[in-house]
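Participant: Take this structure first; my questions come after.
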């Protein structure tokens, strides 16, 4: 007769709880039927206590030894392959200890990994309520030290990226299970406390809405959810920008990257287009239009108009019109910056008028020429291109008029004198004005002979 059969079930359970590891526990219940029956009555509690003893053997709280949780995680992953319930009950045994650790540094990565696996195990067992409880606990742990902080952040770039990975995975899971209301509330809680993160982490977080767009983003409820997330992200963007030092014309790549992420999400989700457009334009309008930083945001303004259906031409014209409102103090700024945008406007107008007469592009090109300094190399080059475009468009009369106007101001010593005379003579011949063409040609020949005599 088995001696364990004579003692109460409670005492047998205590004996099992005192085993040093799960292997000894397994050996004990296989060796004695009374112990096996006692184990069956309280399997969860016994396994939790034995596993806790096995993992924490030799553990000193003062050491904050993160390795024990890494070791425990590996063992749990092996055991839950044999019995999925072990994934939950063994994590439950160590979770209360883990959440008491300082989440700032080495335990943060462990906390992220543990919580994701823990919530996943609960959902695999159809225990959504418990999974959400774990996730809410983690959010609270992330911002546990919020109260005593007066300035600065507690999480650096590395820690911030770990938290963003947790947020992305958790939000993706919520969308996959179509728990949109819960996902929206969770994301709002995260955004409300994001000022504890360093500003460098902002663009990483603002890619989360983009990663959610590919997960059932076509239903009406999903679109409303994505619209809420994108709108909340813009609120966070402005809050983060206001609490970080941004000089008027300073280029912040973190803000730029975050705006690009939200633009991509808006384009894919087909929601919040107006808010995204106005937000990007607002940042650009805060800067001097010819500053280096403004050029990056100006390109994003154009991209946003192109991506969200307003049209690339509208975006380019918006940049050009603002440049016209502020006259550059240095003429070279116009030739370098403004003229570059003028060319972009011309290109877009030509694309719009492809296959038809290019009246709008020619009219705009002529208006730009009037803004250039007469006699400058850029002025002559732009005028030549405009005249050639007139000819290509079949408007040789306007080409002739322009060539004549420029010719009147040209000096014989000019480098373009000969080439301009040649083109003007060609236009004269098109209109049957042979005598004027011959006169121009003779003038070029005399100038060439004069130059040869001077050389000799």
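Participant: Take residue 13 and decide whether it is without any contact (Cβ under 8 Å) to a residue 40 or more places away in the chain, outside any helix (DSSP H, G or I) and either in contact with a strand residue (DSSP E or B) (Cβ under 7 Å, 6 or more places away or on another chain) or under 27 Å from residue 97 (Cα atoms) (or both).
Facilitator: Considered against the rule, which asks whether it is without any contact (Cβ under 8 Å) to a residue 40 or more places away in the chain, outside any helix (DSSP H, G or I) and either in contact with a strand residue (DSSP E or B) (Cβ under 7 Å, 6 or more places away or on another chain) or under 27 Å from residue 97 (Cα atoms) (or both), residue 13 comes out as no.
Participant: Then there's this: Tell me whether the stretch 327-346 contains one or more residues that are farther than 22 Å from residue 376 by Cβ and part of a helix (DSSP H, G or I).
Facilitator: No, the conditions are met nowhere in the stretch 327-346.
Participant: Would you confirm whether or not the stretch 181-192 contains a residue that is closer than 28 Å to residue 122 by Cα, touching a residue at least 24 places away in the same chain (Cβ under 8 Å) and part of a loop (DSSP other than H, G, I, E, B)?
Facilitator: No - not one qualifying residue is present in the stretch 181-192.
Condition check ((1) assigned to a helix (DSSP H, G or I); (2) surrounded by 14 or more Cβ atoms within 10 Å (Cβ to Cβ); (3) in contact with a helix residue (DSSP H, G or I) (Cβ under 8 Å, 6 or more places away or on another chain); (4) not assigned by TED's automatic domain parsing to the domain that holds residue 432) across all residues:
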site: 349; (1), (2), (3), (4): yes, yes, yes, yes
site: 354; (1), (2), (3), (4): no, no, no, yes
site: 360; (1), (2), (3), (4): yes, yes, yes, yes
site: 363; (1), (2), (3), (4): yes, no, no, yes
site: 366; (1), (2), (3), (4): yes, yes, yes, yes
site: 374; (1), (2), (3), (4): no, no, yes, yes
site: 381; (1), (2), (3), (4): yes, no, no, yes
site: 403; (1), (2), (3), (4): yes, yes, yes, yes
site: 415; (1), (2), (3), (4): no, no, no, no
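Participant: Among the residues of the stretch 105-119, are any in contact (Cβ under 8 Å) with a residue 40 or more places away in the chain, assigned to a loop (DSSP other than H, G, I, E, B) and over 19 Å from residue 44 (Cβ atoms)?
Facilitator: Yes, there is a match, as at least one residue in the stretch 105-119 is in contact (Cβ under 8 Å) with a residue 40 or more places away in the chain, assigned to a loop (DSSP other than H, G, I, E, B) and over 19 Å from residue 44 (Cβ atoms).
Participant: Looking at residue 149 and the list (1) farther than 19 Å from residue 106 by Cα; (2) modelled with pLDDT of 85 or more, which single condition is not satisfied?
Facilitator: (2)
Participant: Still on this structure: Could you look through the stretch 184-199, keep only residues that are buried (at least 22 other Cβ atoms within 10 Å of the Cβ) and at pLDDT 85 or above, and pick out the one that is nearest to residue 159 (Cα to Cα)?
Facilitator: Once the filter is applied, the top-ranked residue is 190.
Participant: Among 26, 19, which is in a helix (DSSP H, G or I) and either closer than 20 Å to residue 82 by Cβ or at pLDDT below 80 (or both)?
Facilitator: 26
Participant: Hey, could you check the stretch 303-312 for residues that are in contact (Cβ under 8 Å) with a residue 40 or more places away in the chain and assigned to a helix (DSSP H, G or I) and say which is surrounded by the most Cβ atoms within 10 Å (Cβ to Cβ)?
Facilitator: 304
For every residue, the table says whether it meets (1) at pLDDT 90 or above; (2) over 33 Å from the mean Cα position of the chain (by Cα); (3) closer than 25 Å to residue 22 by Cα.
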residue	(1), (2), (3)
79	no, yes, yes
86	no, yes, yes
97	no, yes, yes
103	no, no, no
108	no, no, no
112	yes, no, no
115	yes, no, yes
134	yes, no, no
138	yes, no, no
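Participant: Just one of 393, 453, 351 is at negative phi and at pLDDT below 85; which is it?
Facilitator: Within the list 393, 453, 351, the selection yields 453.
Participant: So for the stretch 120-132 (the condition being over 23 Å from residue 18 (Cα atoms), over 30 Å from the mean Cα position of the chain (by Cα), modelled with pLDDT under 85 and not in a helix (DSSP H, G or I)), does at least one residue qualify?
Facilitator: No - not one qualifying residue is present in the stretch 120-132.
Participant: Within the stretch 271-297, take every residue that is part of a loop (DSSP other than H, G, I, E, B) and touching a helix residue (DSSP H, G or I) at 6+ places or on another chain (Cβ under 7 Å) and give me the one that is farthest from residue 194 (Cα to Cα).
Facilitator: The residue in question is 290.
Participant: Considering each of 251, 210 in turn, give the residue that is in contact with a helix residue (DSSP H, G or I) (Cβ under 7 Å, 6 or more places away or on another chain) and either modelled with pLDDT of 90 or more or part of a helix (DSSP H, G or I) (or both).
Facilitator: Only one candidate passes the filter, namely 210.
Participant: Of the numbered conditions (1) assigned to a helix (DSSP H, G or I); (2) at pLDDT below 90, residue 399 fails exactly one; give the number of that condition.
Facilitator: (2)
Participant: Assuming residue 67 fulfils every condition listed in (1) within 43 Å of the chain's Cα centre (by Cα); (2) without any contact (Cβ under 8 Å) to a residue 24 or more places away in the chain; (3) surrounded by 14 or more Cβ atoms within 10 Å (Cβ to Cβ) apart from one, which condition is it?
Facilitator: The number of the failed condition is (3).
The values are calculated or read from the model by the stated rules, or taken from the named source; none is laboratory data. Every value quoted in this text rests on a predicted model; they were computed, and no experiment measured them. Reconstructed Cβ throughout: ideal geometry from the backbone, glycine too, with neighbour counts over all protein chains shown.
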